[in-house]
Structure formats: C-alpha cells, structure tokens
Amino acid sequence: MIQHPLSHTEPPAPETAAGETPARVLVKARRGMALILTLVVVVVLAILSTGAVLSSMQEFRGGRNALVEQRAFAVAEFGLNSEISNWDRSRNLPPPTGMAIGAIDSANVFVAQGDTAKVFIQRLTDNTFWVRSVGRANIGSAQLEAQRMTNMVVRIAYPTINPGGAIVTAGNIRVQGSAEVTGTNTNPSGWTQCSNIAGRDTFAISYAPGRTVNIQKLNMVTGGINADPAAGDSNTYVRYGTESWNSLVAAADIKLPGGTYQPEPVGTSSTCDWNATANWGEPLRVSGGGNTYVAGCKDYFPIIYVNGTAQLSHGRGQGVLLVNGDVRLTGNFQWYGLIIARDDIVKGNGTFDLWGSAMSRNANVQDGNDIVGNSYFKWSKCAVESALRGSAILTRTKERSWAQLY
C-alpha cells in the first residue's frame, strides 16, 4: 500500500505484556498514595491532639495547684488576723500569769472544708510579739495539700503612766473620818504576777502647787504629801506616752453613760463573759466576805469609759476606769488598777478599797476631792502595771510588720 506523502499515520502504541498502554500503567502506579497521605495526616492530627490534651492537662494542673496555693495563703492570713483580732490579753501580763520572754504559744484555727491554720505566738520583749500562721489547704485530696506561712510583728499599745502617788490631783483635797491613804507599795493578795513587777514606795498624795490639802489626822496618810508641778499639768491626765485619753476611750472595752453602777464579774471557773457591761473583771483570788470568786475573769482587765458622773455604790472590778466627770463612791466598792477622773473623786458613806492609784484632774476647780468615811487608798505598782498591760490592745510595728515567709 502506497501512502500519500502528506499523510501521517501515528504508529500504533506499543503494547505491554498485559496488553495495556503506558498511560494506563502510570495511573496504576499512583494507587495507594492517598492512603499514605491519609495516614500521615491522621498521625499529625493525633500528635497535635495529644499535645493539646497534654498542654490542657498541664494548664489545668497548674491552675489547680495555683488555686490550692492561693487558698492556703488565704487560710494563713485568716488564721493570722483571727488570732490578732481575738488576742488573749492575759499574754500581756508578766509570768506566771502571762507569757515569759521567748515563750511560744500556739493555737489551731479551723477555716472550712478541712482547711486549718496553725498559729504560733512568741514573746520577743515585754511589749512585742511575733505571730506566725501556717495555712494548710486542699480541695478534697490530701495529696493536693499546699502550705503557706505569713507572719506579723505586733506590739501592745501600752500607756506610759507613772502616778506620783496613791492619789494625784490638780485640785484641793480633804481627807477626814476613817479614811487612809498610803504611798507604801502594796501587792494585791494572791496576785502571782506581782513577783515580776518591781515597785517602790511613793507619796500618799501628789497635788498641784498652790492647792489646799486638808488632812484631819496625821496618821491617815502614810508616805507624806508632795506639791508636784506635774500634778497641776493638764497633760498628765490626758497624755500617756504614745497613748492619750482619746485613744484609750476609743479602745475602751465598755462604754457607758453617766449613772449608778454595781459591777460584778460574770463568768465561771474557766470562762468570762466579756460582753456583759456589768463585768469589770475579777480582782479577788478567793471567795469571802459575801463575794464568790469567779476564776475565769481574773485575767480580764477592761478599759471602762463612763461619759458623765459615775456613782459606784457596790461591787468590784479591775483595769482602767476613765470617767468624763465625777467619781462618786458610796456603799461597798473595790477597785484594783487605775482611776482617771476629769473632775472630782468624792467618797461618801460605805467602804471603798483601792489598790493602785486615783488621778483627778479636778476640772471644776470650785469643787474639791473629799475622801471621807471608810476609805482605803493603797498605792500598788503591780495593780497599775497589770491594769495597763492587761488592757493594752495590739498594733503593728511601724516598719515591715508583715511578710510572707513561703
């Protein structure tokens, strides 16, 4: 067969042994690549998802641990603030009633859901304490427990009052009848802390120069009288070192209007009701004379503020008595500690016993302080010091009082 010179005929494609063309062979060679790519994608996605899960678990555990740690910190702070807010003021006293320097006390404070704070109190000096709180918290698993410790250095807001006599007054004073005033240092019966409070004798009466002191009999006064310029200084009755009349009034445990009062301790042998306004502490150490000894209140030295004239007709108490007016004593009354009156101190009928000191600014200078009847004013450094320390409240030190230890 003769082909036309311009015509062209493709030569037939060679056949393979199986009778297939090369193009079909190429298509067959690509089979299985999709499976491989799918497997690669699945592996990559598995790795990514595993990484995401591990990362989420790590973030969850980190957040959970941070939550437990923050909870432990909050528990530690709660324990610290709770102990300071509910401070046992008997610690302020000298031993054996109070804490010795270097001694450590402890308390457990339960918060919630098994979280607790262990609080340690150590006395550093007479006036400073170191309070540490270890907070332990978990979220239902003991293996997840976290601990944090915070601490604070605190001091007692301690008034500096050094009375110059069993009676200190800026006005005139008259002692008559069976009254007795002594500057000989006398410890209250049964007060064990007095062995650690050094005291000295002082004057029976310190008065402002130029004022009149009228004593019916010389044997009514032991220790003599002293014309002291400090007794005539109004700051003596309102400024007490780092504290003042206003700061003591603000910190008063009991605030009352002027009126007649017959305070008695309220409590048991182991408890004391601090909320009872008629409870002014327990100065006795044994029962007797118609009085029942309330042991639970023996370390309670309140600050009592009476805004007006206070007439005390019966009862007993201890601490610091602030009276914005006259103190009028009738009936049988016993006081251990310090009395500060903005006006006069007047003793009428009945028996009055004082261990400590009475200070009268005598703002009404036309009046006078009358001490008559069966009155016994006995200077006692131990009673004054115990009242000041036992009633002192806590305050932070000026610098770096708080820190987180871990």
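The values are calculated or read from the model by the stated rules, or taken from the named source; none is laboratory data. Just so it is clear, the structure is predicted and the values come from calculations on it, not from any experiment. Counting neighbours? That spans all protein chains shown, and the Cβs are built from the backbone with ideal geometry, glycine included.
Closer than 22 Å to T236 by Cβ, assigned by TED's automatic domain parsing to the domain that holds A251 and more than 36 Å from the chain's Cα centre (by Cα): is that true of D370 in this structure? Talk me through it step by step, then tell me what you get.
Details: closer than 22 Å to T236 by Cβ: yes; assigned by TED's automatic domain parsing to the domain that holds A251: yes; more than 36 Å from the chain's Cα centre (by Cα): yes.
Answer is yes for this residue.
Looking at region 138-157 only, could you name the residues that are part of a strand (DSSP E or B) and over 30 Å from G337 (Cα atoms)?
So the first thing to find is which residues in region 138-157 are part of a strand (DSSP E or B), and the list is 146-157.
Listed by number, the residues that qualify are A146, Q147, R148, M149, T150, N151, M152.
Please pick out the residue among N324, N307 that is in contact with a Pro (Cβ under 7 Å, 6 or more places away or on another chain), assigned by TED's automatic domain parsing to the domain that holds S287 and on the phi < 0 side of the Ramachandran plot. Full working, then the answer.
Details: N324 fails: in contact with a Pro (Cβ under 7 Å, 6 or more places away or on another chain).
Step by step, each of N324, N307 is checked, and only N307 is in contact with a Pro (Cβ under 7 Å, 6 or more places away or on another chain), assigned by TED's automatic domain parsing to the domain that holds S287 and on the phi < 0 side of the Ramachandran plot.
Any residue in region 198-213 that is within 31 Å of the chain's Cα centre (by Cα), more than 19 Å from V320 (Cβ to Cβ) and loosely packed, with under 14 Cβ neighbours inside 10 Å?
Yes, region 198-213 has at least one match.
Mind telling me which of the residues E69, E59, E15, E20 ends up being modelled with pLDDT under 85 and surrounded by 12 or more Cβ atoms within 10 Å (Cβ to Cβ)? Give the derivation first.
Details: E69 fails: modelled with pLDDT under 85; E59 fails: surrounded by 12 or more Cβ atoms within 10 Å (Cβ to Cβ); E15 fails: surrounded by 12 or more Cβ atoms within 10 Å (Cβ to Cβ).
After applying the criteria, what remains is E20.
Could you tell me how many of the residues in region 263-272 are surrounded by 15 or more Cβ atoms within 10 Å (Cβ to Cβ) and either over 18 Å from Y305 (Cα atoms) or touching a His at 6+ places or on another chain (Cβ under 9 Å) (or both)?
If we filter region 263-272 for residues that are surrounded by 15 or more Cβ atoms within 10 Å (Cβ to Cβ), which is where we start, we get 263-267, 272.
Subsequent filtering for residues that are either over 18 Å from Y305 (Cα atoms) or touching a His at 6+ places or on another chain (Cβ under 9 Å) (or both) retains 263-264, 266-267, 272.
Adding up the residues that qualify gives 5.
Confirm whether N92 is without any contact (Cβ under 8 Å) to a residue 24 or more places away in the chain and within 24 Å of A251 (Cβ to Cβ).
No, not satisfied.
Taking interchain pairs and intrachain pairs at least six residues apart, which have beta carbon atoms under 8 angstrom, with the first residue in region 133-152 and more than 7 Å from A72 (Cβ to Cβ) and the second in a strand (DSSP E or B) and among the β-branched types (V, I, T)?
Here the result reads S133/V109; S133/V119; S133/T150; V134/V119; M149/V134; N151/V131; M152/V131, each pair linking region 133-152 to a residue that is in a strand (DSSP E or B) and among the β-branched types (V, I, T).
For region 178-209, which residues satisfy the criterion of being over 13 Å from G165 (Cα atoms) and hydrophobic (A, V, I, L, M, F, W, C)?
Result: A179, W191, C194, I197, A198.
Test Y305 against the stated conditions and say whether it is aromatic (F, W, Y) and out of contact with any strand residue (DSSP E or B) (no Cβ under 7 Å at 6 or more places or on another chain).
Details: aromatic (F, W, Y): yes; out of contact with any strand residue (DSSP E or B) (no Cβ under 7 Å at 6 or more places or on another chain): no.
When the stated conditions are applied, Y305 does not pass them.
Could you please let me know if Q143 is at pLDDT below 90 and out of contact with any helix residue (DSSP H, G or I) (no Cβ under 9 Å at 6 or more places or on another chain)? Walk me through it before giving the result.
Working: at pLDDT below 90: yes; out of contact with any helix residue (DSSP H, G or I) (no Cβ under 9 Å at 6 or more places or on another chain): yes.
The answer is yes for Q143.
Between a first residue in region 187-209 that is without any contact (Cβ under 8 Å) to a residue 24 or more places away in the chain and a second residue that is crowded, with 18+ Cβ neighbours inside 10 Å, which pairs have beta carbons less than 8 Å apart while being 6 or more apart in sequence or on different chains?
P209/D228; P209/G232
Looking only at region 162-185, how many residues end up being under 30 Å from W87 (Cα atoms) and surrounded by 22 or more Cβ atoms within 10 Å (Cβ to Cβ)? First the steps, then the outcome.
Of all residues in region 162-185, those under 30 Å from W87 (Cα atoms) come to 162-163.
Filter again for surrounded by 22 or more Cβ atoms within 10 Å (Cβ to Cβ), leaving 163.
Residues in region 162-185 being under 30 Å from W87 (Cα atoms) and surrounded by 22 or more Cβ atoms within 10 Å (Cβ to Cβ): 1 in total.
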